[in-house]
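No lab work stands behind these numbers, since they all come straight from the coordinates. Note that the structure is predicted; figures quoted are calculated from it, not measured. Please note: Cβ atoms are built from the backbone with ideal geometry, for glycine as well, and neighbour counts cover all protein chains shown.
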Amino acid sequence: MEPVVIVTAAALIQYLFLAYQVSAARVKHGVRAPATTGHPEFERAFRIHQNTLEALVVFIPAMWMFGIYVHPLAAAAIGVLFPIGREVYRRSYLKDPSTRTPGSAISGVAMVTLLLGGLIGAVVSWL
Amino acid sequence: MEPVVIVTAAALIQYLFLAYQVSAARVKHGVRAPATTGHPEFERAFRIHQNTLEALVVFIPAMWMFGIYVHPLAAAAIGVLFPIGREVYRRSYLKDPSTRTPGSAISGVAMVTLLLGGLIGAVVSWL
Amino acid sequence: MEPVVIVTAAALIQYLFLAYQVSAARVKHGVRAPATTGHPEFERAFRIHQNTLEALVVFIPAMWMFGIYVHPLAAAAIGVLFPIGREVYRRSYLKDPSTRTPGSAISGVAMVTLLLGGLIGAVVSWL
């Protein structure tokens, strides 16, 4: 399961960077906690981080289930598309939120493949 | 652990549907990213998804801990109440947010039972 | 892995208390769902809960990876700093959001140590 752990750590390190980006935008634009609105750049950084949180909650269990019930190296190979898609998403969202779909789709395909593959693997293993 | 994996996948597929419901409401009511307010129906869909995210972060580890330290099939049998409660929650919240408590309580009871049961199982196993 | 499970359960029980604190502030200040703004005390409770959610998504996988690939008791010993830091964060944030950094830093150091330690442990184990 080491490749799955390494991709998990990579996705989480990326996510911590997205959190840092929110803090930096908060300071830069004087958006004081607990406010989460007040400047477009802050709001974009905030939603990029938030949306990645929403996706990680599916991605991590899905990659682990695929790794356990299908194949660990295949899980990591598909899983590595997740942080790549998130970086595409981040760059496009910061420029123009309306262009965020392709990056989101790359991560989404990886996530759904791992989730459905892991589910099928577990069902087959159980029968 | 296969039954636990299957219930995990079911809860995550439901959660992806809740995310889709947010996107659909965003388009339908013209709420443009990064805004998360602007139309009551969108705001309800947004909070249903968000609240389910908040709960999944407890539910998934709790069901796995119960599955490992108490009993996997019992974990899945209790765990299946979680997506059922979430669907009750979703339907009532969309109609009227003030009626959201029963659905939330069904998921909450499953979640807390798994969490405390898993904790007790781990303590007993450690001693 | 029992000590890791026990610290996971402790952090999740604390997190459920933070969710309860949001509900209580919602009722107390008449902030009706789906609104997430409307009274400073509610907004602070809301962000404390939300920020803990954001951190748990890193903390739990990181402590488990460290527990599996480095040492379970060491993982739990470092991990116990997470809920302690969160409680410091909660108390300071409720009084004055601008004083939230120390509590956040305690949890953050635990989280990053577990994440990087777990990653190194997995890489060493794989080679």
Checklist entry - In Å, the Kirkwood hydrodynamic radius of the stretch A:1-111 over pairs of distinct alpha carbons? => result 14.5 Å
Item to check | Within the protein assembly as shown, helix-based [θ] at 222 nm, where runs of 4 or more DSSP H residues each add -39,500 (n - 2.57), nearest 500 | outcome: -29000 deg cm²/dmol
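Which FRET efficiency value, to the nearest 0.05, do you get for B:T37 and C:A74 by plugging their Cβ-Cβ distance into 1/(1 + (r/R0)^6) with R0 = 51 Å?
With a Förster radius of 51 Å, E is 0.70.
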Checklist entry - Which distance in Å, rounded to a whole number, links the C-alpha centroids of the stretch B:60-120 and the stretch A:17-39? => result 34 Å
Checklist entry - Helix A:40-69 sits at what angle to the longest principal axis of chain A, using alpha carbons and giving 0 to 90 degrees rounded to 10? => result 10 degrees
Checklist outcome for this item: Label points for A:S125 built 7 Å along Cα→Cβ; distances to same position in the other copies, nm, shortest first, come to 1.6, 1.6
Checklist entry - Can you give the net charge of the other residues whose Cβ lies under 12 Å from the Cβ of A:Q14, counting K and R as +1 and D and E as -1? => result +1
Next on the checklist: I need the inter-copy label distances for A:H71: point set 7 Å along Cα to C-beta, values in nm with one decimal, smallest first.
Outcome noted: 3.7, 3.7
Checklist outcome for this item: Between the modelled labels at B:L127 and B:K28 (7 Å from Cα along Cα→Cβ) the distance in nm is 5.2 nm
Checklist entry - For label points placed 7 Å from Cα toward Cβ, what is the shortest-first list of nm distances from B:R91 to its copies? => result 4.6, 4.6
Checklist entry - In nm, to one decimal, how far is the C:L116 label point from the C:D96 one, both placed 7 Å along Cα→Cβ? => result 3.1 nm
Next on the checklist: Once the convex hull of the alpha carbons of the protein assembly as shown is built, what does its volume come to per residue, in cubic angstrom?
Outcome noted: 129 Å³
Checklist entry - How far, in whole Å, is the nearest Cβ of chain A from the axis relating it by rotation to chain C, and which residue carries it? => result A:V57, 4
Checklist entry - Total Lys pairs in the protein assembly as shown closer than 30 Å by alpha-carbon, pairs eight or more apart in sequence or interchain only? => result 6
